[in-house]
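Taken together, the values in this text are just the output of simple stated rules run on the coordinates, not laboratory data. Every value quoted in this text rests on a predicted model; they were computed, and no experiment measured them. Neighbour counts are summed over all protein chains in view; Cβ atoms, including those assigned to glycine, are modelled from backbone coordinates with ideal geometry.
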Amino acid sequence: MANDLEYQVDIFANRLNKRAKHIGKWARRNGVSCYRLYDADVPEIPLVVDRYENYLHICEYHAPHKNLPGSPEEYRRRMGDAARRTLGIPESNLFYKTRRKTGRGEQYEKLSTSQVTAVVQEGGLRFLINLSDYLDTGLFLDHRITRSMVRDMVVELGETGPVRVLNLFSYTGSFTVYAAAGGAASTVSVDLSPTYTSWARENLALNGYAGGNHRFEVADVFAFLERERARGARYDLLILDPPTFSNSKKMSRTLDVQRDHGELLASCGHILRPGGLLLFSTNRRRFRLSDAPSLLSVQEITRETIPQDFRNGRIHHAYLAERSTS
């Protein structure tokens, strides 16, 4: 029965309906308009469903498809239709994607050139999302709390002077937007992708923060950190959110966050002013912090950063580090 398509459609719709009622109340009460509704809650139905205001974004995590009922086309049509009907979403606002099980650098994979975009709100700020062209939309919902923490940290640090913020592996710049909203005197956003760097510029501009105080660098983070240390740069707050793995040809080396986190943290520590803060996060499910440098005091804050709409407590790991003042 569990492998019957009709049965799975019914189970999926019922689960979505229950989650929508529960999470919907929480979202409205907290002013959250983009949130996760379903994350393989039923093991036989390996889907992730995110609601971005009046848009629905579904990812199918499964390989090979042959273990799912029906043909791939029929399965996706029926599941997508069940989701949008249950949640009252127009067919044109449904986006269904299939995540191939490569496990490395998937967020950068381009799937389409349709350029279906929308502007959504979070924390009183605005963000451009792309619903059609990439596996991810450009706004990672599991980092809703960490983004808010960045804004709060800038406010707190700003009580003693101007705050200089560095966002490494900045992607579409959402952390930078929050830093600017907190009153950062200056920000630098570093990413290897010109596409995402341009997107980050748009996000800053959407919120009225375009200008000379907000700089963007298309660069290899390892090389950038070396240059910053050589010139004696100092920052008050660093955000370090590297991909799990990257073998981009634009880099002189591969990146493996488990292998390389110690080196990255040490490099960040050298350009962090005494008493400055570093927020480090990774989506590697089995990550272990095993190589923290002595110049940083590091504490894990993962539990504090997992949003209520995420059932998976291992969606990311997060750490807060402070540079020693001695």
Angle between the Cα long axis of helix 221-230 and the longest principal axis of the chain, 0 to 90 degrees, nearest 10? 10 degrees
Listed residues G80, G313, G138, most fluctuating in the chain (Gaussian network, C-alpha, under 10 Å): G313
What number, rounded to the nearest 500 deg cm²/dmol, is the helix-based mean residue ellipticity at 222 nm of the chain, given -39500 (n - 2.57) per DSSP H run of at least four residues and division by all its residues? -10000 deg cm²/dmol
What does the range 147-190 give for Rg and for Dmax, in Å, if only its C-alpha atoms count? 9.4, 29
Which shape class applies to the range 141-323: rounded if a/c is under 1.5, otherwise prolate when a/b exceeds b/c and oblate if not, where a ≥ b ≥ c are the square roots of the Cα gyration tensor eigenvalues? rounded
Karplus 3J(HN,Hα) series, Hz, for the range 41-54 with 6.51 cos²θ - 1.76 cosθ + 1.60 (x for Gly, Pro): 4, 9, x, 6, 10, x, 10, 10, 10, 10, 9, 10, 6, 9
In whole Hz, with x marking every Gly and Pro, tabulate ³J(HN,Hα) for the range 252-263 from phi via Karplus 6.51 cos²θ - 1.76 cosθ + 1.60, θ = phi - 60°. 7, 7, 8, 10, 10, 5, 5, 6, 9, 5, x, 4
Karplus ³J(HN,Hα) for the range 238-248 (6.51 cos²θ - 1.76 cosθ + 1.60, θ = phi - 60°; Hz, whole; x = Gly/Pro) runs 10, 10, 10, 10, x, x, 4, 8, 8, 10, 4
If you wrap a convex hull around the alpha carbons of the chain, what volume per residue comes out, as a whole number of Å³? 135 Å³
For the Cα atoms of the chain, what angle does the longest principal axis make with the long axis of helix 194-206, in degrees from 0 to 90, nearest 10? 90 degrees
Highest first, please rank the peptides 164-176, 25-37, 192-204 by the mean number of other Cβ atoms sitting within 10 Å of their residues. 164-176, 192-204, 25-37
How about the range 247-291: which trypsin sites (Lys or Arg not before Pro) there lie in a loop by DSSP and see at most 12 other Cβ atoms within 10 Å? K249, K250, R253, R285, R286, R288
